[in-house]
Each structure stands twice: as C-alpha cells, then as structure tokens.
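All remarks here apply to the structure that follows.
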Amino acid sequence: MAISRVSICVLALFLFISSPRFISAEEAAEEVAKAPESVLTLDHSNFHDTIKKHDFIVVEFYAPWCGHCKSLAPEYEKAASLLSSHDPKIVLAKVDANEESNKALATEFEVQGFPTLKIVRNGGKDIQEYKGPREAEGIVEYLKKQVGPASAEIKSAEDASTLISDKKVFVVGVFPKFSGEEFENFMSLAEKLRSDYDFGHTLDAKLLPRGGAVSGPTVRLLKPFDELFVDSQNFEVAALEKFLDESTVPIVTLFNKDPNNHPYVIKFFNSPNAKAMLFLNFSVELADGIKSKFQEVAKDQKGKGVSFLMGDLEASEGAFQYFGLKQEQVPLIIVQNSDGSKYLKANLEADQIAPWIKEYMEGNAKPFKKSEPIPEVNNEPVKVVVADSLQDVVFTSGKNVLLEFYAPWCGHCQKLAPILEEVALEFQSDPDVIIAKLDATANDFPTDQFDVKGYPTVYFKSSAGIVVQYDGGRTKEDFVDYIKKHKDTTVVPVESAEPVADSEEHGDELKDEL
C-alpha cells in the first residue's frame, strides 16, 4: 500500500524534527570538503555500465538544492569510506537527479523525493528501497546485514541471543530440515523482505527466547510489543507476507525519541487506515491513566479501520507544526482520515477518550481545520489568503482570482514573489481581479479542488466559478495575458503558454527528512 501524501508530510515531520542528529547545510559542506570522495559519482553516461559491474551497490538520488541531501552527504561519504575495504564489496554511489540529463534515471528508479536511496543487487536485476539509518555508523551496520545471507542460521542459544533483540521485530523459520517447499518459500520471503525485517532459521524452537516447541514447519514472529510472539504455519508466500504485515503493527504505536520505535511509526503512517493520535506529556502524573484508557479503546477498535498512536509531547514538535496544534491543548487526540480531513479533541480527560472516539466512529465529530489568523490588515498588492478566508476571498467573492500555493522555504516561490507583485500592481485598478497567495504549509485547503504536489502551484478561479490549475509561463507578461484572456470565463481554459518552470515538491521533499 503506497503511503499517502498527507501521511508523508506528517511522518517526515514526526521523525525528522525529533531526530537528535541534524546538521546545517553549511556544516555538511565543510565536512564533505575535508576528505577525498569515496562515493562514486554517476550520471546517465556511466550509470548502467557501472551497475552491471557490481553485485551490490547503493545509489543515492539527490538534488543540489535539497537541504537534507546536504546533511546526508558527510554521513554517506563517511559510510562509503568505512565500507571501502569490506568483503564482499559494498559500493556507495550518487546521482544528481535534478540534472536534466539524469531525470530519466530518476523516473526509471521511481524517485519521488530527495534524497532517495536504492539498493541495487546482481548487476541491476534486483532493486530495493533503502530503509536504514541516515548516519554513518547506522548506514554501515545496516548495509553489512544487507550484503550477507538474507536469513541467519540459529544453531545455539548464543546465536539466538546475538541475533534477536528485545527492541526489534525478528522473524524465525523453524524447520525439521533445511529443505522442502516451506523452507524454500521462507528463504524466498527473507530475500524479498530483508530490507524490512531481520530473519533467522533454526531446527530447534527451544533455542528461541520466547514461545515453546512447535509441531511442523512454523514461522515465529518475535516482537517487542503486545503479545511478544505469534506463530503461523501457512507457508504460501502471499500468506506469509500478509502475516508479517499485519502482525508487525502494534495495537498502539509509540512515538518518542527512541529511534527503535521509528520503524513502527513508518508502518503506522503507511497504513491506509484513519489515524488516531494521542499527544500528551508522558512525564506528568496523569499520563499513565490516559495512556491506559487509550490502549483499551485501541483494542476495542482493532480491525475497524483506525490505527492508533501515542506521542510524547517532547518528541512531537513536528506533528504540532504540521497540524497547527498548541501545547496548551494537550492532552489531545487528533484523527486524520486518508483524505486529509481531521478531527480534534483537546484538553481531554481519560474518561472522555472512549466517548469521543465513539462520536468520531459514528460520524458525529466536528472537523478540525488548520488556519493562520485572518490578517487584520491585508493591503499589500498580493493578498494573503488563509484557510478561514479561502471561501470568502476565492469561492464566494465573485472575483477572478489567481491564487499561489507556496511554502516559505521554497526557492522557486521566492523567485516568483516579485513577479506576482508586479502582476498584482498591473491589475490594481481592476476591482474584478485578485492576486493572492496561501502558505500551504500553515493552512488546510480542499485537496479535491486544489491538487498541490509541489511549490509553487498556481490556480486560477474565474468570476463565473471555473477553477483550473495554471500551467503557463512565469513571467509577468504570461500571467497578465492569461488573466486578461480568461477572466470571467465560463469554460475551462485548454491552452497554456510556455511550460512551467521546475517546482519544489512538498510531500516527497518532506519524506526525505527521515
């Protein structure tokens, strides 16, 4: 199941802002400059030839303007240096996917944001997403496991103790002999999902730290939450995948500053379910009662299309920023549906959790909308629109509105700003035209009407109510000509001017803050 764009945004902000290790772009550049490069630089001219020469190579697709790529660079370079003498060989490479001539490579490898890392095996025959850490030591440890056997044999209790952690999911196949269809299916699954889980296989279930003896081939999933272990004896590959997928999601996902919990946070956001998130200060006296009641409600709602998460206030700055929440509202529950609609219960008490979740499940909860305050003074040429004024300014004003969706950090938006100001001045004497902008990182907007995949995205709404995405050129003359031609139109414009300049993607860019 592909992760949704709204989930990418929240997920990235969860994990990135809570991360204890982040350096500035300037610091990253300084660190990279200190040492010779161990990372191979590839482009369209040498990419496929290089890939064919290696059994195992990791490729980073990056963009020069991406701050998180710059932060990853010294860690990636250090990891490449540490792995340079490893046997078997582990090669780290990079591709500037923002370079026009390399964009076909980015498309081929389904790159949707920066940085994206891919593990390429067997001369390019097998490609997997890199799902490991983003700091040097973690990269090294993760890749050493990836280049070894997909499943490790457990011959003794010492082997089990070394391989199996009480903080991570571990998948063990227990067999009477290492042959047969069940064993082959298990090893095939291990190879396919080695980026997601750690695998082992054994002839003796008694060597494992949890669970008793088994009768016949068995897959035992050991996990650090809920029932701690669960078994399955269905060895069809699709059934095994489903078993792992369903059994590795906690009833309540815990989010705090412990990086061991981050894989479960990723699975939480990768779920198609609605997402109910409780935020509170874990250290306050009343926290245990609220957490216990939330856990009870989550158990009652299991299998009903809602996933549950508890977040510690200390670690949740990113989520609060994304949702537009305030610390004085905790304890709070916010539910987000797959369409981006949200529902909020602030300053709740333990005995209010079950009734409010019931109210939400029955469709009686009131939607919550993130909005900046409506400006008291809005007399600049380009008008400021927020979520709470979108209806009045754009939809019911009876005006022709050119609306830019932007992000404060977006370089393309910053370049467009003075151009839009010139356009606004051009129409200053026309009462039927409004040039406006909305900070899409701080305000909700109807995604069924505005398909904003990158910044800046510009829409035009005619006075007759026709709403279309502007796909013309980005000079003052382009915008002015377009508005003059299409103002008051009652039909959807079909032609456009020059191709739009590059925009900076938001969901995918934020994804890479992981």
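The values are calculated or read from the model by the stated rules, or taken from the named source; none is laboratory data. The shown structure was predicted, so the numbers you read here are calculated from the model rather than taken from an experiment. When we count neighbours, we look across all protein chains shown, and the Cβ atoms used for this are built from the backbone with ideal geometry, even at glycine. To get the accessible areas, we keep the full protein, side chains included, count just its heavy atoms, and leave off ligands, DNA and RNA. Shrake-Rupley method; radii C 1.70, N 1.55, O 1.52, S 1.80 Å.
Starting from the Cα of residue 461, draw a straight line to each of the lysines and keep only those under 16 Å, dropping any in the same chain fewer than 8 residues away.
383, 399, 437, 484, 485, 487
What are the semi-axes of the equivalent ellipsoid of region 89-248, taken as the square roots of 5 times the eigenvalues of the Cα gyration tensor, listed largest first and rounded to whole Å?
The equivalent ellipsoid of region 89-248 has semi-axes of 33, 17, 14 Å.
Using the Karplus equation 6.51 cos²θ - 1.76 cosθ + 1.60 (θ = phi - 60°), what ³J(HN,Hα) coupling, rounded to whole Hz, does each residue of region 346-352 give in order, writing x for Gly and Pro?
These are the phi-based 3J(HN,Hα) values: 9, 6, 7, 10, 4, 6, 8 Hz.
Against the longest principal axis of the chain, how steep is helix 181-192, in degrees 0 to 90 to the nearest 10, with axes from Cα atoms?
Taking Cα atoms only, the helix is inclined about 40 degrees.
With the full set of protein chains in place, find how many percent of the accessible area of the chain is carbon and sulfur; take the probe as 1.4 Å.
So the carbon and sulfur contribution to the accessible surface is 49 percent.
Residue 358: which lysines have alpha carbons under 20 Å from its alpha carbon, excluding same-chain residues fewer than 8 sequence positions away?
275, 291, 293, 299, 302, 304, 342, 345, 366
Could you tell me which of rounded, prolate or oblate describes region 180-222, using a ≥ b ≥ c as the square roots of the eigenvalues of the alpha-carbon gyration tensor, with rounded for a/c under 1.5 and, failing that, prolate when a/b is larger than b/c and oblate otherwise?
Taking the square roots of the gyration eigenvalues as a ≥ b ≥ c, region 180-222 is oblate.
Give me the Kirkwood hydrodynamic radius of region 72-172, using the inverse of the mean 1/r over all pairs of distinct Cα atoms, in Å to one decimal.
15.7
So who's got an amide H within less than 5 Å of the one on residue 40, skipping anything under 5 residues away but keeping other chains? H placed 1.01 Å off N, in plane.
Under 5 Å from the amide H of residue 40 lie the amide H atoms of 92, 93, 94, each far enough along the sequence or on another chain.
Once you keep just the Cα pairs under 8 angstrom separated by 6 or more residues, what percentage relative contact order results for the chain?
Dividing the mean separation by the residue count of the chain yields 14 percent.
Which order, highest average first, do 205-211, 265-271 follow once you tally other Cβ atoms within 10 Å for each residue and take the mean per peptide?
My ranking of the peptides, most packed first, is 265-271, 205-211.
Just the number please: accessible area per residue for the chain, 1.4 Å probe, all protein chains included, in Å².
Per residue, the chain has 48 Å² of solvent-accessible surface.
Note down the relative contact order for region 338-488 as a percent, whole number, built from C-alpha pairs under 8 angstrom at least six residues apart.
RCO, region 338-488: 26 percent.
Please give me, ordered by residue number, the GluC sites (Glu not before Pro) of region 311-371 that lie in loop per DSSP and have at most 10 other Cβ atoms within 10 Å.
362
Could you tell me which trypsin sites (Lys or Arg not before Pro) in region 108-162 are loop residues by DSSP with no more than 11 other beta carbons within 10 angstrom of their beta carbon?
125
Helix 287-300 versus the longest principal axis of the chain: what angle, 0 to 90°, nearest 10, using Cα atoms?
80
Near the amide H of residue 455, under 5 Å away, which other amide H atoms are found, from residues 5 or more places off or on another chain, if H is placed in the peptide plane?
Correct list: 504, 505, 506.
For helix 5-18, what angle does its Cα long axis make with the longest principal axis of the chain, in degrees from 0 to 90 and rounded to 10?
The angle comes out at about 70 degrees.
Stretch residue 476-residue 371 to full length: gain in nm at 0.36 nm per residue minus the Cα-Cα span?
34.9 nm
Using the Karplus curve 6.51 cos²θ - 1.76 cosθ + 1.60 with θ = phi - 60°, work out ³J(HN,Hα) for each residue of region 357-374 in order, rounded to whole Hz, and write x for Gly and Pro.
4, 4, 4, 5, 4, 8, x, 9, 7, 7, x, 10, 10, 7, 8, 5, x, 5
Tabulate in residue order the Karplus-calculated ³J(HN,Hα) for region 411-426, using 6.51 cos²θ - 1.76 cosθ + 1.60 with θ = phi - 60°, rounded to whole Hz; enter x for Gly and Pro.
Here the 3J(HN,Hα) series is x, 5, 5, 5, 6, 6, 3, x, 5, 5, 5, 5, 4, 4, 5, 4 Hz.
Run a plain Debye calculation on the chain (Cα atoms as equal point scatterers, no solvent) and give log10 I(q)/I(0) at q = 0.07, 0.09 Å⁻¹, rounded to two decimals, same order as the q list.
-0.48, -0.78
Could you sort 232, 188 by their accessible area in this structure, using a 1.4 Å probe and putting the largest first?
Accessible-area ranking of 232, 188, largest first: 188, 232.
Residue 351 versus residue 283, label points 7 Å from Cα toward the beta carbon: distance in nm?
3.0
Mind listing which GluC sites (Glu not before Pro) in region 101-139 are in a DSSP loop and have 16 or fewer other Cβ atoms within 10 Å?
110
Pull out the extension gain between residue 236 and residue 145, defined as 0.36 nm times the separation in residues minus the alpha carbon to alpha carbon distance; nm, one decimal.
Using 0.36 nm per residue and subtracting the Cα-Cα distance, I get 30.2 nm.
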